[in-house]
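The values are calculated or read from the model by the stated rules, or taken from the named source; none is laboratory data. Everything numeric here is computed off the predicted structure, so don't read it as measured data. We place every Cβ from the backbone using ideal geometry, glycine too, and count neighbours over all the protein chains shown. Note: accessible area is taken over every heavy atom of the protein model, side chains too, but ligands, DNA and RNA are not part of it. Shrake-Rupley method; radii C 1.70, N 1.55, O 1.52, S 1.80 Å.
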There are 2 protein chains.
Amino acid sequence: MNLRELALQLGLSQTTVSRALNGYPEVSEATRKRVRDAADKFSYRPNTRAKGLATGRSMAVGHVIPVSDQHEMVNPIFADVIAGAGEAYAEAGYDLVLSLVGARDEAAFYRDLASRGTIDGIIVHGPRHNDPRLPLLKEIGLPFLVHGRSSLADVSYSWVDVNNRSAFYRAAGLLLDLGHRRIGLINGLAGMDFAVRREDGYRRALTERGIHVDPDLIAEGEMTEAHGWASAREMLSMPDPPTAFLVSSIISAFGVRRAAAEQDIALGSELSVVVFDDDLSYFRSDGGVPQFTSVRSSVREAGRMAAEMLLDIIREGSDEPRQRLLEAELTIGRSTGPVPTHEGSKTTG
Amino acid sequence: MNLRELALQLGLSQTTVSRALNGYPEVSEATRKRVRDAADKFSYRPNTRAKGLATGRSMAVGHVIPVSDQHEMVNPIFADVIAGAGEAYAEAGYDLVLSLVGARDEAAFYRDLASRGTIDGIIVHGPRHNDPRLPLLKEIGLPFLVHGRSSLADVSYSWVDVNNRSAFYRAAGLLLDLGHRRIGLINGLAGMDFAVRREDGYRRALTERGIHVDPDLIAEGEMTEAHGWASAREMLSMPDPPTAFLVSSIISAFGVRRAAAEQDIALGSELSVVVFDDDLSYFRSDGGVPQFTSVRSSVREAGRMAAEMLLDIIREGSDEPRQRLLEAELTIGRSTGPVPTHEGSKTTG
DNA sequence: AATGGAATTGAAAGCGCTTTGAATATCATG
DNA sequence: CATGATATTCAAAGCGCTTTCAATTCCATT
């Protein structure tokens, strides 16, 4: 059933039927009702493509997930970000077009997407420190919004981000207050903007208290369980091991917990851990004192905001950038405690 | 730059240009080259919507992720499934339209998707035991393929699935061979088809060896870390606790590991664990003897297969169903061992 | 009854592409 | 040199919608 057939059924012109369904004012309430009822009865849905062709809008938003050519990994946080964004799209009647693209051919891909007119706007995921995608998108002229930020990129653009620097500054501060002086940082992939900012916050907190930043206590990598495990294991076997860790992801934190368990080191007393918690649904602690002390910010909420802001931008057509900085919430869990005294220290093995 | 303008530039008709670019044979090689070069030069990309309107195909595939109304959770395995599928689409020039839909209004949603013509086919995720979506989609007439299966659904349909029953049958068999008699099953959400099949396999293995299936040793729920932890904790505090667990997800297995650690129970010796490992990229053990003994099957590979099969179905237009059953790989890791003898048992707390 | 404005409705063009059916150019052949 | 086959090219219709501009209807006024 298409518009022509429906109009025929009703003995009306396509014009009137179209107007009635799209809520134009110049159609009488009587006919509008008649049209709506008929549309319901025949369960008529306007063809997306035809509508898009006529209006010039596609009513779709693109999400581009960068896939690092080396590891080909997909970070599970994207699932939650997209779930949040999806809610916004569903409410607004937009579709979500998802693409996973290797960094190699990203530029061409964005140009394609824009000139084929598949989408009306785009959400950029996983921005790197000085991300070439932003000037590119600016040049292409496609409305976009970044989940995260890209320092050094000297273009103005819209973004939603959590205050990573302050989150790690505060988290480090907490550990310092507890007396920790050797604090390991198990961070995300070098070059990712969030990782750079987190390290910044960590460094600032230490430096402000006159503590030397030991490069051996900083690990970077894809935030897998194995990465957390390997990094913690290595640092814990140093002659002067850290008494605390700052971990960029709850998934890596599981690995840290495993490393600690293997060496019979008790979390919370012998070793403190603060994690950055994206509040992923599958890793939420339900009720009670949480497992891990954390700086938490729901990535799903961020996804929702990002989508809503992008839709605003698309609708208003204005190009003045919008930005939203979220503050993470510092929650004390069971994984932190005062630095262990020397007599309390134990032999490993 | 659109087709008309390009044709104008070339002094050719739209017809010829269109044919040249789409590889029709009735265009001379000389003009084809001329057209291709010009298209390159002006970086012309045909408008998706116009093309779709003209051809009747949208060159897009839908993925519908069911969001349970109660928990609003998004399983991280979807990220990997979709990554796999995404590869296939990228190669074939298809777009991927992602929707997250609450079970409540799913029927309406599918009908919409079909009649609006947004997509040419659909991948069904997370099928339940007797999933109403399958007959519905059959009725609608939209090509679809299920990742997983739905027993009892008395329609024939295409699917890609891992042999869950055999995987758990074998996993349970392994534990039984090791002398375990009290084996806990920490399964996925009741009603999900995979969970039903896994329980089947577990039951069959036990029953065949004349072992009573204790309903108290079966836990079901969303496969979170917390679920694994809570279920293991509860079972381990039973008067006659299990000496081994079969766990439906590596994420829940982390929770099991936590519960064991809390009670100072050593994995592999005092407690055995076999997990179903979807080979998620963020939870892969890299090299060496894996953490967990597992039955493993890459969900990403499955996603890729699902996409490829659906594209075949769409292209061929035949409606005879295709099916692909994958066998999981049983890999011995460090989490399993012979059942502990009684003298070796320890006091808890 | 004639008039003009407001309220409704409709015909037709256009969005950018594919594809049918017709037209033209090219060429080997008798 | 005409002829028919073959290789190329093109004009125009059509995909299903929106939207401009024009037409019609309806009323309150004069």
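Close contacts from the range B:20-34, counting a first residue that is more than 15 Å from B:TYR44 (Cα to Cα) and assigned to a loop (DSSP other than H, G, I, E, B) and a second that is more than 8 Å from DNA strand D (Cβ to nearest atom) and open to solvent by 80 Å² or more (accessible area, probe 1.4 Å), with Cβ to Cβ under 9 Å and a gap of 6+ residues or different chains, come to none at all. You will find that of A:ARG182, A:ARG170, the residue that is open to solvent by 30 Å² or more (accessible area, probe 1.4 Å), touching a Pro at 6+ places or on another chain (Cβ under 7 Å) and in the same structural domain as A:VAL274 (by TED's automatic domain parsing) is A:ARG182 and no other.
If I ask for residues that are assigned to a strand (DSSP E or B) and among the polar types (S, T, N, Q), which ones from the range A:78-119 would you list? Scanning the range A:78-119 gives a single hit, A:SER99.
When A:GLY52 is tested against the conditions (1) part of a helix (DSSP H, G or I); (2) within 15 Å of the chain's Cα centre (by Cα), the lone failure is (2). Number of residues in the range A:96-123 that are more than 13 Å from chain B (Cβ to nearest Cβ), in contact with a helix residue (DSSP H, G or I) (Cβ under 7 Å, 6 or more places away or on another chain) and modelled with pLDDT under 90 equals 0.
Scanning the range A:276-306 for residues that are within 12 Å of another protein chain (Cβ to nearest Cβ), in contact with a Ser or Thr (Cβ under 6 Å, 6 or more places away or on another chain) and among the aromatic types (Phe, Trp, Tyr) yields a count of 2. Scanning the range B:57-77 for residues that are part of a loop (DSSP other than H, G, I, E, B) and touching a residue at least 60 places away in the same chain (Cβ under 8 Å) gives B:ARG57, B:SER58, B:MET59, B:SER68, B:HIS71, B:MET73, B:ASN75, B:PRO76. With respect to B:PHE194, is the statement that it is touching a strand residue (DSSP E or B) at 6+ places or on another chain (Cβ under 7 Å), at pLDDT 95 or above and either under 30 Å from B:GLU270 (Cα atoms) or assigned to a helix (DSSP H, G or I) (or both) true? No: the conditions fail for B:PHE194.
When A:ASP240, A:ASP161 are checked against the criterion of being over 29 Å from A:MET305 (Cα atoms) and surrounded by fewer than 24 Cβ atoms within 10 Å (Cβ to Cβ), A:ASP240 stands alone in meeting it. Applying the set (1) more than 11 Å from chain A (Cβ to nearest Cβ); (2) open to solvent by 10 Å² or more (accessible area, probe 1.4 Å); (3) farther than 18 Å from A:ARG257 by Cβ to B:GLN263 leaves exactly one unmet item: (3). Of everything in the range B:6-21 that is of a type outside the set (Lys, Arg) and open to solvent by 80 Å² or more (accessible area, probe 1.4 Å), the residue that is farthest from DNA strand D (Cβ to nearest atom) is B:GLN9. Pairs are defined by a Cβ separation below 8 Å, a sequence spacing of at least 6 or placement on different chains, a first member in the range B:40-52 that is at the interface with chain A (Cβ under 7 Å from one of its Cβ atoms), and a second member that is within 7 Å of DNA strand C (Cβ to nearest atom) and not aliphatic (A, V, I, L, M); the pairs so defined are B:ASN47/B:ASN2. Tallying residues that are within 21 Å of the chain's Cα centre (by Cα) and open to solvent by less than 60 Å² (accessible area, probe 1.4 Å) within the range A:203-223 yields 3. Taking the listed residues B:PRO66, B:PRO76, the one that is within 7 Å of chain A (Cβ to nearest Cβ) and of a type outside the set (Phe, Trp, Tyr) is B:PRO76, with no other qualifying.
You will find that of B:GLY126, B:GLY93, B:GLY179, the residue that is in contact (Cβ under 8 Å) with a residue 60 or more places away in the chain, within 14 Å of chain A (Cβ to nearest Cβ) and on the phi > 0 side of the Ramachandran plot is B:GLY126 and no other.
Residues that are open to solvent by 30 Å² or more (accessible area, probe 1.4 Å) and more than 12 Å from DNA strand D (Cβ to nearest atom) within the range B:27-43 comprise B:ARG36, B:ASP37, B:ASP40, B:LYS41, B:PHE42, B:SER43, listed in sequence order. Screening B:HIS129 against (1) open to solvent by 30 Å² or more (accessible area, probe 1.4 Å); (2) assigned by TED's automatic domain parsing to the domain that holds B:ALA79; (3) over 20 Å from the mean Cα position of the chain (by Cα) leaves a single unmet condition, (3).
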